[in-house]
Amino acid sequence: MNSKIDHYLVNGCMRCPLGSTPDCKVLDWQEELKALRALVLDCGLTEELKWGVPCYTYQGKNVLIVSAFKAYAALSFFKGSLLTNEHNLLEKPGENTKASRVIRFTTVHEIADREDTLKACIFEAIEVERLGLQVEFKKNPEPVPDELRSKWEEDPMFKAAFDALTPGRQRGYILHFSQPKQSKTRLSRIEKC
């Protein structure tokens, strides 16, 4: 057990101003988070604090995180798309998500009732890491908006900075820039970033 996680359970992730206040969402899900922590630790993973939340690793590789949201506590698997999901528990956390999958909980009883199934998911995720399996990502699957291409031509340093980003960050910006229907709004978003 990692003492930093004990601090997280008492104070929250401290990434927002609500940390250590009664409004912190971690405090709403303390019992569920403790139950998830015990379940994950029972599977032999190493407990670390990353991105302000409990992260569980296998031989230094991220396997899953335990976290609190407004409406639920969750187990989030980094390579969840590679898991079989035979019990249909794993969900995409967002419509544009490629690799991660999440299982949501609103009561400690849900966790206890599904303990064997959850452990099977965790052990499968560990096996994915042990085998070194990788999620196949498409290179730039989303079309790059014309406004962004124009900015790259105007400013090669901007293009170089964009190319230096991780593929996930590049994709996130492309999605953000592409959302508006009007060209002037797309251009405004690009200029702000």
Checklist outcome for this item: Regression test value, accessible area per residue of the chain, probe 1.4 Å, units Å², expected 60 Å²
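Taking 8 Å as the Cα distance limit and 6 or more residues as the minimum spacing, I'd like the relative contact order of the chain as a percentage. Before the final figure, lay out each step's value.
Numbers: 240 pairs, mean separation 27.4, N = 193.
Once divided by the residue count of the chain, the mean separation gives 14 percent.
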Next on the checklist: I'd like the distance between the alpha-carbon centres of segment 170-193 and segment 20-47, rounded to an integer number of Å.
Outcome noted: 36 Å
Checklist entry - Among Cys193, Cys121, what's the order by accessible area (1.4 angstrom probe), most exposed first? => result Cys193, Cys121
Checklist entry - For segment 102-167, what class follows from the C-alpha gyration tensor (a ≥ b ≥ c being the square roots of its eigenvalues): rounded when a/c is under 1.5, otherwise prolate if a/b is larger than b/c, else oblate? => result prolate
Next on the checklist: Against the 2.2 N^0.38 Å scaling, with N counting residues, where does segment 7-61 land? I'd like the Cα-based Rg ratio to two decimal places.
Outcome noted: 1.19
Item to check | All lysines inside 23 Å of Lys184 as judged from Cα atoms, apart from same-chain residues fewer than 8 positions distant | outcome: Lys151, Lys159, Lys192
Item to check | Selected from Gly80, Pro93, Leu45, residue furthest toward positive end of dipole (segment 9-155; charges at beta carbon) | outcome: Leu45
Checklist entry - If ligands, DNA and RNA are left out, what is the accessible area of Thr107 with a 1.4 Å probe, given in Å² to the nearest 10? => result 50 Å²
Item to check | Three-way shape call for segment 133-183 based on the alpha-carbon gyration tensor, with the a/c threshold at 1.5 | outcome: oblate
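Quick check for me: using +1 on Lys/Arg Cβ and -1 on Asp/Glu Cβ, what's the dipole size of the chain about its Cα centre, in debye to the nearest 20? Each step should come with its number before you reach the end.
Working: 28 positive and 27 negative charges, 150 e Å.
Roughly 720 debye, rounded to the nearest 20.
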Checklist outcome for this item: By the C-alpha gyration tensor axes a ≥ b ≥ c (rounded if a/c is under 1.5, else prolate when a/b exceeds b/c, else oblate), the shape of segment 58-118 is rounded
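Given the C-alpha atoms of the chain, compute the convex hull and give its volume per residue in Å³. Please list the in-between numbers first.
On the way: hull volume 29.2 nm³, N = 193.
Expressed per residue, the convex hull around the Cα atoms of the chain is 151 Å³.
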Item to check | Amide H contacts under 5 Å for Leu64, placed H, 5+ residues apart | outcome: Tyr56, Phe78
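Report in % the part of the accessible area of segment 73-148 that belongs to carbon and sulfur, leaving out ligands and nucleic acids; probe 1.4 Å. Working shown, then result.
Working: 2140 of 4420 Å².
Solvent-exposed carbon and sulfur of segment 73-148 make up 48 percent of the total.
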Checklist entry - Projected onto the charge dipole of the chain (+1 at Lys/Arg Cβ, -1 at Asp/Glu Cβ, origin at the Cα centre), which of Leu9, Cys121, Gly172 gives the Cα projection farthest towards the positive end? => result Gly172
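DSSP loop (so not H, G, I, E, B), at most 10 other Cβ within 10 Å: list which trypsin sites (Lys or Arg not before Pro) in segment 144-191 pass both filters.
Details: sites: Arg149, Lys151, Lys159, Arg169, Arg171, Lys181, Lys184, Arg186, Arg189; in loops: Lys181.
Here the trypsin sites (Lys or Arg not before Pro) that fit, given the DSSP loop and packing criteria, are Lys181.
The values are calculated or read from the model by the stated rules, or taken from the named source; none is laboratory data. Note that the structure is a prediction, hence the values are computed from the model and not measured. Note that each Cβ is placed from the backbone with ideal geometry, even for glycine, and that neighbours are counted across all protein chains shown. Surface accessibility is based on the protein's heavy atoms, side chains included, excluding ligands, DNA and RNA. Shrake-Rupley method; radii C 1.70, N 1.55, O 1.52, S 1.80 Å.
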